[in-house]
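**Q** Pasting a structure below so you can have a look.
The values are calculated or read from the model by the stated rules, or taken from the named source; none is laboratory data. This structure is a prediction, so every number in the text was calculated from the model and none was measured. Neighbour counts run over all protein chains shown; Cβ positions are idealised from the backbone, glycine included.
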Amino acid sequence: MKRRHDMPFGAECREDGSIRFRLWAPAARSVELCLFDRGQTAVPTGPRVPLQKQDAGWFEIVTKEAGPGTQYMFRINGEQEVPDPASRFQPRDVHGPSEVVDPSDFDWQDWSWRGRRWEDAVIYELHVGTFTPAGTFGSIRERMDYLADLGVTAIELMPIADFPGKRNWGYDGVFQFAPDSAYGCPEDLKAMIQSAHEHEIMVFLDVVYNHFGPEGNYLNGYAPQFFTARHHTPWGNGINFDGTESRPVRDYFVHNALYWLNEYNFDGLRLDAVHAIVDDSRPNFLTELAERVRSAAGLERQVHLILENDRNQASYLDRDSLCNPKTYTAQWNDDIHHALHVLITGERDGYYCDYSEHALEQLARSLAEGFAYQGEPSPHRDGALRGESTKGIPPTAFVSFLQNHDQIGNRAFGNRISTLAEAAAVRAAAAVLLLAPSPPMLFMGEEFGAETPFLFFCDFEKELAAAVTAGRRNEFVRFGAFRDEHERDRIPDPSAATTFAASRLDWNELASTFHRQSLNFYRHLIALRREYIVPRLSAACQIESNYELHGESGISVRWTFPDHARLTVQANLGPTEMSGFPAPASPAFFQTDNLTAENMMRGAMPAWSVVWFLAQ
């Protein structure tokens, strides 16, 4: 089976053996095609072929001088050679030539795969370069049996769009259509996705549509209309989604989404930090993107769109009368993470100050209603109102997690929760999140209590690398422990190869009893979720919920399903025994080891204890 997504730009292989090259360069006077050989020479070896200037800033040529595997660049105004911004592959990194890729060369065997229901989702976020010692798409395939045995139903890859150098989180990508060559070639990625499908595992991709990375982006030289000074972002001028000449810009990103879903058969996308996408048009870019994906021909399968959105704009998660997402399937729920993190670690620095006074209630509200902030003022944001009402939105629209790449990697030393909180507290938190109706997400290694850090790392050119190192250290000045310059100097250098190496998972940890027990605990929780929770989520829009607080650290949360079955969690998320819990009305299907029937009958729960009931 062949899969390809036809695009209005880039290099497209045609049935007659010719290649169509097309570039949007509205600020260019002329564009030439420069062909290279497959060696390491930086000098074009083939002819320079002029592209024909068309309307609205487009340049195009159809030629048989190139074919699959040909490397090429565009020469702008007879002066500068630049890679193709719609390149399908960058074998020599961001400053090198692009490569013509024929999607038909890969023969897909997963023709019967139609995806999985969102309600089945147990997500496993991973970074390709640090998940395995080899750090490649191929080496992920070698771990597929492990992930299936764990009970994972979806892998979420951190961004893979080609970035500068050999190591990066992925959020500095500059070639949105090109899997980074450090991880393998396009066929390697496709083979990994196909292997996941053979294991009944979905694959999601994290995509970055709010900015381009700071190195390797040549668009300003020939298409400055791609950006606008009218909108500002943390990375500088905003992307032009709503001004004059914005149509090609919007098409670039819409086609990118469709390309990953169609040509690579990804099962969904996670859109990074959409609160940093500034767009005053109607419909805005986010709405148009979702509508195009939902209506795209050939997507007669389960496709899921996930947001990261600090604004908690619940309207993007609205459902129709059949409980299907109108636009976006779900959002990462920072509220539930932050509240739970404060409870089990006691930390209150930075954005955790928003949860320093009412973390227990905010956790309970997040479990029952989705967001804790639904229009309330945020102290961390100088009192600005944050969020929208979640009324009518099912719990399946909120992705819960105890760890993710941001919450670990944006710490000065990349500490995992297993090094910040006692083991009993971490187990209690996992027992709450993995059995609640909201889909849970794990960060790679969390299931076995990995102790290796996940640090911020990159591989920029020398001057930019020095600036990033200084900026990273100054970023932590708001934390008391790093106000001293010498203390900040202890923060690992993002550009050092040792920082990247330290972030690799250590699979040898599984040789220890503690880590094996942790893995078995997570497997058990996921198996219980599959047995008791998932079958009831098909009518998620009709789930009713409420919660109660018990003392300083106790919560009870209840979800009532359409068939009147009631799911209840009782938890003591504190270091001392807590009383005042209601006596159980039905047998428990899960309880932490420190909880006895005697405790429950007298309404008492020991420190860091959790129990789940399902009354039929």
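**Q** Take residues that are among the β-branched types (Val, Ile, Thr) and out of contact with any Gly (no Cβ under 6 Å at 6 or more places or on another chain) and tell me which of the strands (runs of 3 or more DSSP E) falling wholly in region 518-616 contain 1 or more. Spell out the reasoning first.
**A** On the way: elements: 544-550, 554-560, 566-572, 588-591, 609-615.
The qualifying strands (runs of 3 or more DSSP E) are 554-560, 566-572, 609-615.
**Q** So which residues in region 517-569 are of a type in the set (Gly, Ala, Ser) and either modelled with pLDDT of 95 or more or surrounded by fewer than 18 Cβ atoms within 10 Å (Cβ to Cβ) (or both), if there are any at all?
**A** Applying the first criterion (of a type in the set (Gly, Ala, Ser)) to region 517-569 yields 518, 527, 538-540, 545, 551, 553-554, 556, 565.
The answer is Ser518, Ala527, Ser538, Ala539, Ser545, Gly551, Ser553, Gly554, Ser556, Ala565.
**Q** On the given criteria, is Thr499 on the phi < 0 side of the Ramachandran plot and assigned to a helix (DSSP H, G or I)?
**A** Working: on the phi < 0 side of the Ramachandran plot: yes; assigned to a helix (DSSP H, G or I): yes.
Yes, satisfied.
**Q** Looking at (1) surrounded by fewer than 17 Cβ atoms within 10 Å (Cβ to Cβ); (2) of a type in the set (Phe, Trp, Tyr); (3) touching a residue at least 24 places away in the same chain (Cβ under 8 Å), find the lone condition where Phe137 falls short.
**A** (1)
**Q** Among the listed residues Asn256, Asn284, Asn309, which satisfies the condition of being within 25 Å of Asp120 (Cα to Cα) and of a type in the set (S, T, N, Q)? Can you show your working first?
**A** Numbers: Asn256 fails: within 25 Å of Asp120 (Cα to Cα); Asn284 fails: within 25 Å of Asp120 (Cα to Cα).
Step by step, each of Asn256, Asn284, Asn309 is checked, and only Asn309 is within 25 Å of Asp120 (Cα to Cα) and of a type in the set (S, T, N, Q).
**Q** A follow-up question, please. Within region 59-91, can you find the residues that are part of a loop (DSSP other than H, G, I, E, B) and surrounded by fewer than 16 Cβ atoms within 10 Å (Cβ to Cβ)?
**A** Applying the first criterion (part of a loop (DSSP other than H, G, I, E, B)) to region 59-91 yields 64-70, 77-79, 83-91.
Answer for region 59-91, where residues must be part of a loop (DSSP other than H, G, I, E, B) and surrounded by fewer than 16 Cβ atoms within 10 Å (Cβ to Cβ): Lys64, Glu65, Gly67, Pro68, Gly69, Asn77, Gly78, Glu79.
**Q** Could you tell me whether region 480-499 includes any residue that is under 30 Å from Ala330 (Cβ atoms), touching a helix residue (DSSP H, G or I) at 6+ places or on another chain (Cβ under 6 Å) and crowded, with 18+ Cβ neighbours inside 10 Å?
**A** No, that holds for no residue.
**Q** Sticking with this structure for a sec: Out of all the residues in region 153-198, which are among the small types (Gly, Ala, Ser) and surrounded by fewer than 23 Cβ atoms within 10 Å (Cβ to Cβ)?
**A** If we filter region 153-198 for residues that are among the small types (Gly, Ala, Ser), which is where we start, we get 154, 161, 165, 170, 173, 178, 181-182, 184, 191, 195-196.
Residues satisfying the conditions are Gly165, Ser181, Ala182, Gly184, Ala191, Ser195.
**Q** Only residues that are out of contact with any helix residue (DSSP H, G or I) (no Cβ under 7 Å at 6 or more places or on another chain) and assigned to a loop (DSSP other than H, G, I, E, B): list them for region 174-189, please.
**A** Residues satisfying the conditions are Val174, Asp180, Ser181, Cys185.
**Q** Looking at Asp37, is it touching a residue at least 12 places away in the same chain (Cβ under 8 Å), of a type in the set (Asp, Glu) and under 22 Å from Gly173 (Cβ atoms)? Explain how you work it out, then say what you get.
**A** Numbers: touching a residue at least 12 places away in the same chain (Cβ under 8 Å): yes; of a type in the set (Asp, Glu): yes; under 22 Å from Gly173 (Cβ atoms): no.
Spelling it out, it is not the case that Asp37 is touching a residue at least 12 places away in the same chain (Cβ under 8 Å), of a type in the set (Asp, Glu) and under 22 Å from Gly173 (Cβ atoms).
**Q** Also: All but one of (1) farther than 27 Å from Cys323 by Cβ; (2) buried (at least 22 other Cβ atoms within 10 Å of the Cβ); (3) among the hydrophobic types (A, V, I, L, M, F, W, C) hold for Ala121; state the number of the condition that does not hold.
**A** Evaluating Ala121 over (1) farther than 27 Å from Cys323 by Cβ; (2) buried (at least 22 other Cβ atoms within 10 Å of the Cβ); (3) among the hydrophobic types (A, V, I, L, M, F, W, C) leaves (1) as the failure.
**Q** Got a number for residues in region 99-118 being small (Gly, Ala, Ser) and either assigned to a loop (DSSP other than H, G, I, E, B) or under 26 Å from the mean Cα position of the chain (by Cα) (or both)? Break it down stepwise before answering.
**A** First pass over region 99-118, keeping only residues small (Gly, Ala, Ser): 104, 112, 115.
Of the ones still in play, those that are also either assigned to a loop (DSSP other than H, G, I, E, B) or under 26 Å from the mean Cα position of the chain (by Cα) (or both) are 112, 115.
Final tally of qualifying residues: 2.
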